[in-house]
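Written out below as structure tokens is the structure these notes cover.
The values are calculated or read from the model by the stated rules, or taken from the named source; none is laboratory data. The shown structure was predicted, so the numbers you read here are calculated from the model rather than taken from an experiment. Quick reminder, even Gly has a Cβ in these numbers, built from the backbone with ideal geometry, and neighbours come from all protein chains shown.
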Amino acid sequence: MPEIIKSHKCYALPEVFESFGLQEHYNAKTVEHNKSFIIGSFKITPFSVFHDVPNVGYVIASKHGGKLLFATDCTHFEPSFKSLTHIAIEANYSRPVLDYNVTTGKVHPFVKKRVIKSHMELEETNKFLESNDLSKVKEIHLIHCSSDNLDKEKAQKEVEELTGKTVYI
């Protein structure tokens, strides 16, 4: 992060800037949970997510009608959202794949604990999708997918069948 902030405005929680010693940098723009701000034609609203370090997700609404939910680096989050048109949501791992990788020695048990404590399982992603009105959603992007702990093709198909929406990895 220190390099990018030299030439671009960077939006984050105050704790994030403090951890890098950048809270006084002129490009450091702090955000607050549930307090919207405007960038160009976008209204951006940070919302609370559960993670092992301070983090937020964002709802980004365009003046032209699009509304994106962006949530990554979290285990889950509580809010439900209305009128979303696009979703970019973490689906980091599948518990059966992660368990198999630990059993076969591909993943260390310590790494498993860290993954579970800090990343969203595909099942949790599906619970979120099931609990929200997806009637206006045009597409869903599964992001922050583990290369080892998620069968991406299977996850894509599962979410497409669950939601009836186009899903990208």
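Quickly run through segment 128-157 and pick out the residues that are within 30 Å of LYS106 (Cβ to Cβ) and touching a helix residue (DSSP H, G or I) at 6+ places or on another chain (Cβ under 7 Å). First the steps, then the outcome.
Our first condition is that a residue be within 30 Å of LYS106 (Cβ to Cβ); within segment 128-157, this holds for 128-129, 140-157.
Once the filter is applied, which keeps residues that are within 30 Å of LYS106 (Cβ to Cβ) and touching a helix residue (DSSP H, G or I) at 6+ places or on another chain (Cβ under 7 Å), segment 128-157 yields LEU129, ILE140, LEU142, CYS145, ASP148, ASN149, LEU150, ASP151, ALA155.
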Output the residues belonging to segment 48-61 that are surrounded by 16 or more Cβ atoms within 10 Å (Cβ to Cβ) and outside any loop (DSSP other than H, G, I, E, B). VAL56, GLY57, TYR58, VAL59, ILE60, ALA61
Would you call VAL115 surrounded by 13 or more Cβ atoms within 10 Å (Cβ to Cβ), in the same structural domain as ILE60 (by TED's automatic domain parsing) and in a helix (DSSP H, G or I)? yes
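Picking from ASN55, ASN34, ASN27, which residue would you name as being touching a helix residue (DSSP H, G or I) at 6+ places or on another chain (Cβ under 6 Å), modelled with pLDDT under 95 and of a type in the set (S, T, N, Q)? So that I can check it myself, show each step before the final result.
Working: ASN55 fails: touching a helix residue (DSSP H, G or I) at 6+ places or on another chain (Cβ under 6 Å); ASN34 fails: touching a helix residue (DSSP H, G or I) at 6+ places or on another chain (Cβ under 6 Å).
It is ASN27.
Yes or no, residue by residue, for (1) surrounded by 14 or more Cβ atoms within 10 Å (Cβ to Cβ); (2) closer than 21 Å to HIS86 by Cα; (3) of a type outside the set (Val, Ile, Thr):
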{"residue": "ILE4", "(1), (2), (3)": "no, no, no"}
{"residue": "LYS9", "(1), (2), (3)": "no, no, yes"}
{"residue": "PHE17", "(1), (2), (3)": "yes, no, yes"}
{"residue": "PHE20", "(1), (2), (3)": "yes, no, yes"}
{"residue": "TYR26", "(1), (2), (3)": "no, no, yes"}
{"residue": "LYS29", "(1), (2), (3)": "yes, no, yes"}
{"residue": "GLU32", "(1), (2), (3)": "no, no, yes"}
{"residue": "ILE39", "(1), (2), (3)": "no, yes, no"}
{"residue": "PRO46", "(1), (2), (3)": "yes, yes, yes"}
Filter segment 1-51 down to the residues that are closer than 21 Å to ILE89 by Cα and of a type in the set (Gly, Ala, Ser) and list them by number. ALA12, SER36, SER48
Can you tell me which of (1) closer than 22 Å to ILE116 by Cα; (2) hydrophobic (A, V, I, L, M, F, W, C); (3) more than 15 Å from the chain's Cα centre (by Cα) is the one PHE42 doesn't meet? (1)
Only one residue in ILE140, ILE60, ILE169, ILE89 is β-branched (Val, Ile, Thr), modelled with pLDDT of 95 or more and in contact with a Cys (Cβ under 8 Å, 6 or more places away or on another chain), so which one is that? ILE169
Unmet requirement for VAL107, which otherwise passes all of (1) surrounded by fewer than 17 Cβ atoms within 10 Å (Cβ to Cβ); (2) in a loop (DSSP other than H, G, I, E, B): (1)
Of all residues in segment 160-169 being in a helix (DSSP H, G or I) and touching a helix residue (DSSP H, G or I) at 6+ places or on another chain (Cβ under 7 Å), which is surrounded by the fewest Cβ atoms within 10 Å (Cβ to Cβ)? LEU162
